[in-house]
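One structure is given here, and the rest of the page talks about it.
The values are calculated or read from the model by the stated rules, or taken from the named source; none is laboratory data. Computed from a prediction, not measured in an experiment: that's the story for all the values here. Ideal geometry is used to build each Cβ from the backbone, glycine not excepted, and the neighbour counts take in all protein chains shown.
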Amino acid sequence: MTNYILGKELLESWKIKPFELFHHVKDGLQPHNKFGKPQSPPDIALKLNRLNDLRKESNLSIFDCLRLSPEELKSRFESCRDKDDSFKLAVLGPIIESERRKPRYEQITREIEILENDLAKIENKYSWRDYELPEDTSRAEWVINSLLNAYYKLPEAAEIEKKYSIEGLQAKQGEESKCEEFVRKLRVWVECDTDINLKPFKRQKRTFSHAAMGFHYRTSDQWKALLEIINDGKFGCGEAANLGRGKTRDRVKFYDQSQKLLQIINKKILAFLTKTYKIEFPKKYKIFEQLPEDPPRVYRPKFQTDKHQREDNLEEAD
């Protein structure tokens with residue numbers, strides 16, 4: 001059973017985009033190559049590869065004589081005394097060739113020293129934390145593709161998934177809490193049969209017409225029901241009785257109509273608050289809540305009304 005998962009498979013499993021995988025890698029998800037070795041970010045990998053190539057070149061036999069001590073060189077020259085030309089060529093030829101290549105050897109040595117110093121300053125040569133995608137599109141795509149084709153340890157991927165699931169849930173809960181607080185502290189009262197006053201916590205009062213709030217006609221059932229809810233602080237839907245009990249059909253019909261009316265009002269108010277105050281409400285958020293007495297089912301608005309203040313209302317600071 002494998003302990004690794006391919007980057008492309010993570011995309012499918014997590015339902016994310018390629019650039020989101022890159023951000024997970026920056027956050028600590030370590031990519032590995034096809035040999036199971038940790039994969040460095042391109043800028044560090046370039047230096048590591050260059051250093052490796054320079055070390056190989058510096059170890060070539062043509063530079064061997066440059067690494068000889070003065071005593072060894074002297075010994076080789078003395079060994080050629082009174083020898084024929086072929087012997088001298090065999091002994092002194094490599095020394096002469098090394099001297100000719102000495103500038104290159106010194107250049108290699110200097111570059112190796114610079115690269116070693118640069119890499120020594122990097123605490124973790126496999127971390128992508130400080131790496132940013134190139135501005136050039138083709139180079140950026142190459143980096144992303146390398147991560148898609150890289151392998152990731154399953155336990156690390158599971159930890160990342162768990163972390164972001166928790167953070168996402170906490171963020172969602174935080175947003176829901178902000179929405180609930182906004183609605184609970186919102187004061188609403190009727191100005192006239194066509195206008196309503198709204199005053200969010202620590203904000204100025206504003207007056208809105210029925211049309212501005214999405215109710216096209218002031219004589220519509222939805223608008224009249226909203227005014228009733230604001231004035232009375234509650235709205236009764238009647239009993240949701242079973243059809244088999246005597247004259248229950250009418251009561252069920254009234255209940256269904258009342259529930260439908262609340263749903264329409266809820267939808268319009270949420271759309272209005274989202275547009276006016278930039279509040280993003282959770283899906284299926286309800287601006288009305290049911291009172292404990294049942295039957296009949298009675299609902300009250302979560303926002304504050306002037307005529308029916310509830311015990312849990314929050315007073316604004318002076």
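If I ask for residues that are outside any strand (DSSP E or B), among the hydrophobic types (A, V, I, L, M, F, W, C) and without any contact (Cβ under 8 Å) to a residue 60 or more places away in the chain, which ones from region 196-211 would you list?
Within region 196-211, just A211 meets the criteria.
Does F22 count as under 30 Å from D118 (Cβ atoms) and surrounded by 16 or more Cβ atoms within 10 Å (Cβ to Cβ)?
yes
Can you confirm whether region 121-129 contains a residue that is in the same structural domain as L10 (by TED's automatic domain parsing), within 23 Å of D27 (Cα to Cα) and either part of a helix (DSSP H, G or I) or modelled with pLDDT under 80 (or both)?
Checking region 121-129: not a single residue is in the same structural domain as L10 (by TED's automatic domain parsing), within 23 Å of D27 (Cα to Cα) and either part of a helix (DSSP H, G or I) or modelled with pLDDT under 80 (or both).
Does any residue of region 168-190 turn out to be assigned to a helix (DSSP H, G or I), hydroxyl-bearing (S, T, Y) and at pLDDT below 90?
Among the residues of region 168-190, at least one is assigned to a helix (DSSP H, G or I), hydroxyl-bearing (S, T, Y) and at pLDDT below 90, which makes the answer yes.
Sort out which residues of region 1-15 are more than 19 Å from the chain's Cα centre (by Cα) and either surrounded by 14 or more Cβ atoms within 10 Å (Cβ to Cβ) or among the acidic types (D, E) (or both), and write them in order of number.
Y4, I5, L6
For G238, state whether it is on the phi > 0 side of the Ramachandran plot, at pLDDT below 90 and either among the hydrophobic types (A, V, I, L, M, F, W, C) or more than 42 Å from the chain's Cα centre (by Cα) (or both).
It is true that G238 is on the phi > 0 side of the Ramachandran plot, at pLDDT below 90 and either among the hydrophobic types (A, V, I, L, M, F, W, C) or more than 42 Å from the chain's Cα centre (by Cα) (or both).
For region 28-51, name all the residues that are hydrophobic (A, V, I, L, M, F, W, C) and in a loop (DSSP other than H, G, I, E, B).
Scanning region 28-51 gives L29, F35.
Within region 144-159, count every residue that is out of contact with any strand residue (DSSP E or B) (no Cβ under 9 Å at 6 or more places or on another chain), hydrophobic (A, V, I, L, M, F, W, C) and touching a residue at least 60 places away in the same chain (Cβ under 8 Å).
Residues that pass the stated criteria total 2.
Do the conditions hold for K224, that is, is it among the basic types (K, R), farther than 21 Å from F281 by Cα, over 41 Å from the mean Cα position of the chain (by Cα) and in the same structural domain as Y285 (by TED's automatic domain parsing)?
yes
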